[in-house]
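Structure record follows, encoded as structure tokens.
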Amino acid sequence: MELRIREIRVEGLFGMFDHVIPLNLDSHITIVYGENGIGKTMIFRILDALLRKDLAGLSRFPFGRFSLMFEGGDEIGIKRRQDLKLDFDLMQLGKRQKVSVHPQSQVHPAEFIETVVGKNELVGLILELHTWGKNTDQLPKMLPELLKLSQSGTKKAELKQLKRVARLYPDFFIEKIKALTLCPEEIADMISGIKCYFIGTERIDFLEYVDSELDEELIPKRTPSVSTYSEELLALIQKAHYKYQKRTEELEGTLQSRLAHDKVRTEFSALELQEIVTDVAMLRIELSKLGLLDETKIENIPIEGALNPISRAIMGVSLLDMKARLAVYDEMHAKLRLLLTMVNERRFSFKKLSIHPEKGFQITAVDGQPLELTDLSTGEQHELIFLFLLIFKVPQNSLVLLDEPEISLHLDWQMAFIDDMSEIIKLRGFDLIAATHSPAIINGKWDYTVALTSESLVNV
């Protein structure tokens, strides 16, 4: 991690609380606990908004001052005024500078839409949407919406239709808003080295808006997160297969050149060949169990005929190239093995998770009967979701904010939380701050914890 936070401070949270959170940098795990309403989740929201450079959102949160202390002595402090102006006090490499940002330059999506319509800029916006849709291959889908938007007529109808388009194509509006809400360079430089990943409590499903069959209104639809992440896992596996194919083509295309320039090993004993064959065979079997290779296509590798130096050289070069191709799967292999071990050996008692090469997550009952992903209990879904997020989606060397990991989890699962996080962190290398109400999450490891208490109540 290029930059690590060592301490978080907030003053005047909700106008009531002052809190200090020192992070456990050695273990990479900090557990924050406290009663409801003390500000655990709000601190996460403030930190997330800052590290995403969302100064508009940051200015709306109820705090007086928010500060981050970094390894190496750098600091960033933010004072929030009553008029929502943000005063930044930056200490970087021993030099202090002050920067102020006024929230009027920060635009909320709803406010942006109101402003555009109010300024009669609708025609220009439609043209920009048309260009954006063309550049992103969205235009064929967008054309009916753009036509309705251009024919809305009244301001009220325009606003209604524009908000519909915004919900259908939020990426366009995010780009527009970002252009108006650029974070000052001095602030961006301070926080650019930290990647933040916030996992909130609403993780069991996704809310999206789809067309109604009865009218032109959009209706809310909830999609189970396990189904979405199953598809994402499948996409990651397909990406690994593509890399494998490219690596195969590269090795096959350079074989003659490597042989001609003596860049490959060509001398092998029969014993060495046997060891390499064993390693390759075991790896292919393991990859097939994880759903990365088709086990029906795995063939035995005979070496009985490789008795003379030439045949041993040919087979040795072929085997080493095979190991090099399979190495493309190393990262995916490690992640899948960790996920399946945690789920099947430490979590699920009555179901089994496997990886299907064409379906992603696959659930079966103990008797082998196939089940739907939504047949998982709420607790099982929560566990699978945040394990998948931590192992597969969290960027390497990032700061993870995990809110209430105990949701719907059995007591034994909660008690294994810190040990499981330590194992995942060894593989993924991130810092974790978790907020909890559950003593079982802590499980006696109080040296990992920071208490937020009402003793920090500000005298008002």
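Here, each number is a calculation from the coordinates, and none is a lab measurement. Everything numeric in this text was worked out from a predicted model, so none of it was measured. Cβ placement follows ideal geometry from the backbone for every residue including glycine, while neighbour counts extend to all protein chains displayed.
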Item to check | Fewest-first sequence of D74, D412 by Cβ atoms within 10 Å of each Cβ | outcome: D412, D74
Checklist entry - How big is the Rg/Rh ratio for region 304-412, C-alpha atoms only, Rh by Kirkwood, two decimals? => result 1.18
Checklist entry - Roughly speaking, what is the stretch gain from R346 to S100, that is 0.36 nm per residue apart minus the C-alpha to C-alpha distance, in nm to one decimal? => result 83.5 nm
Checklist entry - Along its principal axes, what span do the Cα atoms of region 350-460 show, with the longest given first and each in whole Å? => result 60, 29, 27
Checklist entry - Two-decimal Rg/Rh of region 221-377 from alpha-carbon positions, Kirkwood Rh? => result 1.09
Checklist entry - Which value in nm describes the separation of the simple spin-label points at T254 and S269, placed 7 Å from the Cα toward the beta carbon? => result 3.0 nm
Checklist entry - Which of H261, H382 comes first, and how do the rest follow, when ranked by fewest Cβ neighbours within 10 Å? => result H261, H382
Checklist entry - Among K53/K426; K289/K426; K243/K352, which pairs are too far apart, with a Cα-Cα distance over 26 Å? => result K53/K426; K243/K352
Item to check | Theoretical gain in end-to-end length, L93 to E71 [0.36 nm per residue, Cα-Cα removed] | outcome: 6.8 nm
Checklist outcome for this item: Under the 7 Å Cα-to-Cβ spin-label approximation, E7 and H437 lie apart by a distance in nanometres of 3.1 nm
Checklist entry - Could you give the length gained on full extension between E185 and D412, defined as 0.36 nm per residue of separation minus the Cα-Cα distance, in nm? => result 77.0 nm
Item to check | Distance (nanometres) between label positions extended 7 Å along Cα→Cβ at K85 and T453 | outcome: 3.8 nm
Item to check | Percentage of interatomic Cα-Cα distances in region 234-297 larger than 14 Å | outcome: 72 percent
